[in-house]
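Okay, so here's the structure we're looking at.
Computed from the coordinates by the stated procedures, all read-outs in this text should not be read as laboratory data. In this text, all values refer to a predicted model and were calculated from it rather than measured experimentally.
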Amino acid sequence: MKIKELKLKSENELQKMLEDMRDKLREQRFKVSQKQLKNIREIRQTKKTIAQILTIINEKKDKGSHSDPNVTSGEESRESK
């Protein structure tokens, strides 16, 4: 799945996809250990997709967590001292 398609999904859909991809990776690892998986590159692609999903989830969380853009984290720590 392409990044553009992933960015259009909601956070709940991304969480569900993440869970599904992790299950798929687990199954692929079992198949490799049992010598059943012929195309080992599938594992690489699955891991890449998981990383992309996690990146997009974190980007969406970062966008929502900035309440006051005028105050940086460095200024907050200096004020508390």
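Amide H to amide H, which residues 5 or more places from Leu37 or on other chains are under 5 Å from it, using H placed in the peptide plane?
Long-range HN contacts for Leu37: Val32.
Near Lys31, which lysines are there with a Cα under 27 Å away, not counting those fewer than 8 places off in the same chain?
List returned: Lys2, Lys16, Lys47, Lys48.
When only C-alpha pairs under 8 Å and at least 6 residues apart count, what is the relative contact order of the range 8-60, in percent?
Rounded, it is 48 percent for the range 8-60.
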